[in-house]
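Reading through the structure tokens given below for one structure.
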Amino acid sequence: MDLYPWVVFIHAATVLLFFIAHGASMAVAFRLKHEQDPARVRALLDLSRFSLGVPTIVVVLIGLATGIAAGFMGGWWGSGWIWVSLVLFLGVGIAMTPLVTFRLYPIRAAAGMTKPDAKADEVAPPEDPDELRRLIAAWNPLPVAVIGLASFVVILWLMMAKPF
């Protein structure tokens, strides 16, 4: 039995699940621009945190593992396209942390939330509606959305066209 199609199928399925989770978070990022009420901001940021939690990390790791396995099974590691895809995926993944997460920490604090990695007994900071309005006005999710979607389209093209 040839397992290669199944490994590719699992890889594609994890990419779909990855986008479902990130789609919820991206919708939150755009909706955040229109919120001023700290309670609503907290609810949106909780939804975003939930959609990108441990299950999403597991999905990413399974997707990465099956992509690497498919590369070996298909004999693709001698081709440039798979290396460019992997570097692009890792580069964008690493870049998203400072581009998004670190920008949302101050918004969380101004809304009266602790950081996602806060200890259970850590007290949330007090709400600061003026600072919250200022931070939300400065928040622009469009560049991150464009980077994420463009990199996905490039990786998808590389995987399908295998140009080099």
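Just so you know, all these numbers are worked out from the coordinates, no wet-lab data involved. In this text the structure is predicted, and so the values were computed from the model without any measurement. All Cβ positions, glycine included, derive from the backbone under ideal geometry; neighbour counts span all protein chains shown.
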Phe164 being among the aromatic types (Phe, Trp, Tyr), out of contact with any His (no Cβ under 6 Å at 6 or more places or on another chain), surrounded by fewer than 17 Cβ atoms within 10 Å (Cβ to Cβ) and in contact (Cβ under 8 Å) with a residue 12 or more places away in the chain: yes
Only one of Ile94, Ile68, Ile107 that is surrounded by fewer than 17 Cβ atoms within 10 Å (Cβ to Cβ) and over 25 Å from Pro163 (Cα atoms): Ile94
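A quick yes/no check of all residues on (1) within 22 Å of Val60 (Cβ to Cβ); (2) in contact with a helix residue (DSSP H, G or I) (Cβ under 9 Å, 6 or more places away or on another chain); (3) acidic (Asp, Glu):
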| site | (1), (2), (3) |
| --- | --- |
| Leu104 | yes, yes, no |
| Gly112 | no, yes, no |
| Lys119 | no, no, no |
| Leu135 | no, yes, no |
| Ala138 | no, yes, no |
| Pro141 | yes, yes, no |
| Val144 | yes, yes, no |
| Gly148 | yes, yes, no |
| Phe152 | yes, yes, no |
Matching residues, the range 124-164, being in a helix (DSSP H, G or I) and touching a Lys or Arg at 6+ places or on another chain (Cβ under 7 Å): Ile136
Enumeration of residues in the range 71-90 that are exposed (fewer than 15 other Cβ atoms within 10 Å of the Cβ), part of a helix (DSSP H, G or I) and in contact (Cβ under 8 Å) with a residue 60 or more places away in the chain: Gly80
Count of residues meeting criterion [touching a helix residue (DSSP H, G or I) at 6+ places or on another chain (Cβ under 6 Å) and closer than 13 Å to Tyr4 by Cβ] in the range 58-73: 6
Filtered residue count, the range 113-161, keeping only those that are closer than 30 Å to Ile68 by Cβ and either loosely packed, with under 14 Cβ neighbours inside 10 Å or without any contact (Cβ under 8 Å) to a residue 12 or more places away in the chain (or both): 10
